[in-house]
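Let me begin by presenting the structure, written as structure tokens, before commenting on it.
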Amino acid sequence: MDAQDIAGIDLDALFDPVTLAGLSFPNRIAMSPMTREFATDGVLPPESAPYYAARARGGAGLIITEATTVDHMVAHYSTREPYMFGAAALERWRDVVEAVHAEGSLIFPQIWHTGLSRRRRHTHNPDEPSIAASAVSSAELALKAGDEALPNRRSGTLPRPATEEDLEAVIVAFGEAAAQAQALGFDGIAIHGAHGYLIYQFLWDRSNRRDDRWGGSMANRSRLAIEIVREVRRRTGPDFPIMFRFSQWSGWDYQARLAETPRALEDFLTPLAEAGVDIFDASTRRFWQPAFEGSDLNLAGWAKKLTGRPVLTVGSVGLEAPLGDEGDASVAPALANLARLAQMLARGEFDLVGVGRALLADPDWPAKVRAHRWGDLLPYDKEAAERAL
């Protein structure tokens, strides 16, 4: 589909305002979280405020920040990621919040604990072993994953199985991070429970081999995620929106599945909604792909159908190649992709649309799409993060 073909497609649904979880979103486009690793000692560089503000000014109604570390000894991914703790780090986040709000957009920080995905030799407290659900190495998980495993996750270092004391500290750290974000003026909080980081490591039966109350059944494997959501809700009160990112796929196996059926997905998501999740962020690599046989609904569509909660969809919006398939070449804009997206949104299958790499490469992507300036859309390449800063 070229620009002439898409000219007749109604994209207005992408730009309709909507009220979700008590918040008024100016449109349906959200900037998806993208880890960039430009912080020093947990503090973002001064250029971060204008970086996020530019995406808000370009038309993203919601900004979801790059992954931000909770205050736990081995939560960090690397020495270059930002913190949601510490006076200097929090003050820089305050600058970001004020800059985004000045452009009329909402902003949530994404908070995480990386578990066994931590780059132990290139992170804080390198002498401390990473914690995970079980003593399973990244190399073991990746070797089982086949050709679509991410090669940079093939570490052979064994993590330490998390103890009850570890998990209590992690739960408290998430609650404290959410409370800090609320105090800074963020509009909500986004919890990262996807892609192979600590929460996902408990959810996935391949990485969780425990036989205690944190392992075995899906109800037990979900316990950490549920307790984190409950603690965040306890610390922030009833009206602070909580978004929860989940995925079927992991960084070690793009074909991994937490839920093989809609019923299994319902058993996973419903307790999270009851614990306090207001919005689900259903992360896929290709948003247009059906989640289960016998239905055209994608993962976000199923999450909305099963829980009744608002849902964000994400996965190669506006680009031809999914994350991980770019190689060294640039990725061109994809117009047919946008036509399908708008049609699914207009049918009510989801409520928000996460745009990642396209917005990283082009802060004015929403404004250009709204004005049908197809020839002005910029391709994405791996240097986009450096150029953006």
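The values are calculated or read from the model by the stated rules, or taken from the named source; none is laboratory data. Keep in mind that what you see is a predicted model, and the values were worked out from it rather than measured. Don't worry about glycine lacking a Cβ; one is built from the backbone with ideal geometry, like all the others, and counts go over all protein chains shown.
Here are the numbers for this structure:
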item	result
Count of the stretch 59-75 residues which are assigned to a loop (DSSP other than H, G, I, E, B) and either within 23 Å of I242 (Cβ to Cβ) or within 15 Å of the chain's Cα centre (by Cα) (or both)	6
In the stretch 223-233, the residues that are closer than 21 Å to A162 by Cβ and either out of contact with any Pro (no Cβ under 7 Å at 6 or more places or on another chain) or free of Cβ contacts under 8 Å to residues at least 40 places away in the same chain (or both)	R223, L224, A225, E227, I228, V229, R230, E231, V232
In the stretch 39-49, residue surrounded by the most Cβ atoms within 10 Å (Cβ to Cβ) [restricted to those that are over 15 Å from L106 (Cα atoms) and not β-branched (V, I, T)]	L44
Positions within the stretch 56-73 being more than 15 Å from F25 (Cα to Cα) and buried (at least 24 other Cβ atoms within 10 Å of the Cβ), in sequence order	T65, A67, T68, T69, V70
M84 vs. criteria in contact with a helix residue (DSSP H, G or I) (Cβ under 9 Å, 6 or more places away or on another chain) and either surrounded by fewer than 22 Cβ atoms within 10 Å (Cβ to Cβ) or closer than 22 Å to R309 by Cα (or both)	no
Complete set of residues in the stretch 6-23 that are out of contact with any strand residue (DSSP E or B) (no Cβ under 8 Å at 6 or more places or on another chain) and at pLDDT 95 or above	D16, G22
Test: residue in the stretch 244-267 that is of a type outside the set (F, W, Y) and closer than 30 Å to A99 by Cβ	yes
Output for the stretch 19-58, where each listed residue is touching a Lys or Arg at 6+ places or on another chain (Cβ under 7 Å) and part of a loop (DSSP other than H, G, I, E, B)	E37, F38, A39, L44
Out of I171, I191, I228, sole residue that is assigned to a helix (DSSP H, G or I), touching a Lys or Arg at 6+ places or on another chain (Cβ under 9 Å) and at pLDDT 95 or above	I171
Selected residue (only one of D147, D211 is modelled with pLDDT of 95 or more and either surrounded by 20 or more Cβ atoms within 10 Å (Cβ to Cβ) or outside any strand (DSSP E or B) (or both))	D211
Condition check for D239: outside any helix (DSSP H, G or I), in contact (Cβ under 8 Å) with a residue 60 or more places away in the chain and under 19 Å from the mean Cα position of the chain (by Cα)	no
